[in-house]
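Engineer: Attaching a single structure in structure tokens format; questions to follow.
The values are calculated or read from the model by the stated rules, or taken from the named source; none is laboratory data. Remember, predicted model here, so these are calculated numbers, not experimental data. Cβ sites come from the backbone with ideal geometry, for glycine too, and all protein chains shown count toward neighbours. Just the protein is used for accessible areas: all its heavy atoms, side chains included, with ligands, DNA and RNA removed. Shrake-Rupley method; radii C 1.70, N 1.55, O 1.52, S 1.80 Å.
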Amino acid sequence: MKYLLFIIMFFSVSCAGPEEKSEKLVQGADWHYKMGAGYFESREIALSIKELTTAIEKDPNHLEAQHLLGFIYMGRRDYSKSLAHFNEALRIDPDYSIALNNRGALYLSMERWEDAKTDFERLLENPLYPTPELAHNNIGWAYYQTARHGLAAEHLRMAVFLRPGLCVAHNNLGLVHLAQNNRLEAANAFQTAITRCPDSYAEPHFHLGKMMMDDGHPKAVESFKMCVEIEPESNLGRRCRQYLQIR
């Protein structure tokens with residue numbers, strides 16, 4: 001009787017249709033994705049990668065698993081793997097804005113300025129995209145890196161128009177003005193960034209300090225000191241410390 005029961009159970013499992021098998025694989029993929037996302041939240045990255053990879057093996061079209069793996073590899077600066085997973089996510093859903101945004105950010109890290117600009121311009125075409133100011137800032141940065149300063153300034157001004165407190169856009173606008181030799185406007189932009197983010201953003205302190213040092217202004221020391229105070233262990237903080245030693 002036990003033998004007969006075994007035969008019946010085996011027959012039942014082995015005769016599962018392709019749709020049932022596919023559904024089970026998708027459900028299994030989702031379980032592994034949730035495990036991977038949980039490990040990511042608790043910063044157990046190796047375990048997260050393992051679970052997400054298993055999710056994709058079970059279901060290559062798992063949108064969230066593809067995207068999260070791309071995001072993790074971007075953080076690890078494994079840009080080729082990151083790009084592959086972002087591309088897969090966008091193959092699955094070309095309108096998945098978070099993947100498009102993060103691929104654009106990846107392109108910026110890779111210094112692929114035109115590709116980055118294209119992705120952020122696509123985001124701006126979506127009227128429901130919630131943070132167009134960030135897309136304008138990133139497009140402006142891409143234009144700045146390719147020395148198209150007029151277009152860079154246009155997008156950066158739009159970024160600060162949409163969000164006046166976006167300190168990075170004010171700082172980037174200062175760099176554009178500096179490249180155009182508009183020193184007064186550059187200083188004003190750096191100062192605006194400092195006013196908006198006085199003790200949490202070091203870069204405008206650094207740029208304003210350099211400008212004041214070039215002009216022989218004694219307050220350059222204060223800017224470099226503030227830069228070091230905000231980011232004492234970063235490369236930027238070390239550069240500010242070097243300028244203090246020069247003084």
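Engineer: Taking the residues in the range 35-54 that are in a loop (DSSP other than H, G, I, E, B) and open to solvent by 70 Å² or more (accessible area, probe 1.4 Å) as candidates, determine which candidate is farthest from residue 101 (Cα to Cα). Spell out the reasoning first.
Structural biologist: Step one: of the range 35-54, the residues in a loop (DSSP other than H, G, I, E, B) are 42-44.
Filter again for open to solvent by 70 Å² or more (accessible area, probe 1.4 Å), leaving 43-44.
Details: 43: 22, 44: 24 Å.
Looking at residues that are in a loop (DSSP other than H, G, I, E, B) and open to solvent by 70 Å² or more (accessible area, probe 1.4 Å), I get 44.
Engineer: Within the range 95-119, how many residues turn out to be more than 9 Å from the chain's Cα centre (by Cα) and of a type in the set (A, V, I, L, M)?
Structural biologist: Selection size over the range 95-119: 5.
Engineer: Give the range 143-158 a look and list any residue that's touching an Asp or Glu at 6+ places or on another chain (Cβ under 9 Å) and assigned to a helix (DSSP H, G or I), or say none.
Structural biologist: If the condition is that a residue be touching an Asp or Glu at 6+ places or on another chain (Cβ under 9 Å) and assigned to a helix (DSSP H, G or I), then 143, 145, 158 are the ones that fit.
Engineer: Of a type in the set (Gly, Ala, Ser), part of a helix (DSSP H, G or I), open to solvent by 30 Å² or more (accessible area, probe 1.4 Å) and in contact with a helix residue (DSSP H, G or I) (Cβ under 9 Å, 6 or more places away or on another chain), is that true of residue 140?
Structural biologist: When the stated conditions are applied, residue 140 does not pass them.
Engineer: Search the range 168-207 for residues being more than 22 Å from the chain's Cα centre (by Cα) and among the acidic types (Asp, Glu), and hand back the single one that is surrounded by the most Cβ atoms within 10 Å (Cβ to Cβ).
Structural biologist: My answer is 185.
Engineer: Same structure, new question: Please determine whether any residue of the range 79-91 is in a helix (DSSP H, G or I), under 30 Å from residue 185 (Cβ atoms) and in contact with a helix residue (DSSP H, G or I) (Cβ under 8 Å, 6 or more places away or on another chain).
Structural biologist: No; the residues of the range 79-91 include none that is in a helix (DSSP H, G or I), under 30 Å from residue 185 (Cβ atoms) and in contact with a helix residue (DSSP H, G or I) (Cβ under 8 Å, 6 or more places away or on another chain).
Engineer: Would you point out the residue of the range 55-103, among those that are among the small types (Gly, Ala, Ser) and more than 17 Å from residue 118 (Cβ to Cβ), that is surrounded by the fewest Cβ atoms within 10 Å (Cβ to Cβ)? I'd like the intermediate steps shown before the answer.
Structural biologist: We begin by selecting, within the range 55-103, every residue among the small types (Gly, Ala, Ser); these are 55, 65, 70, 75, 80, 82, 84, 89, 97, 99.
Add one more test, that the residue is more than 17 Å from residue 118 (Cβ to Cβ), and what stays is 55, 65, 70, 75, 80, 82, 84.
Working: 55: 27, 65: 29, 70: 26, 75: 11, 80: 8, 82: 24, 84: 15.
It comes out as 80.
Engineer: Restricting to the range 96-131, count the residues that are of a type in the set (D, E, K, R), within 18 Å of residue 82 (Cα to Cα) and assigned to a loop (DSSP other than H, G, I, E, B).
Structural biologist: Residues in the range 96-131 being of a type in the set (D, E, K, R), within 18 Å of residue 82 (Cα to Cα) and assigned to a loop (DSSP other than H, G, I, E, B): 2 in total.
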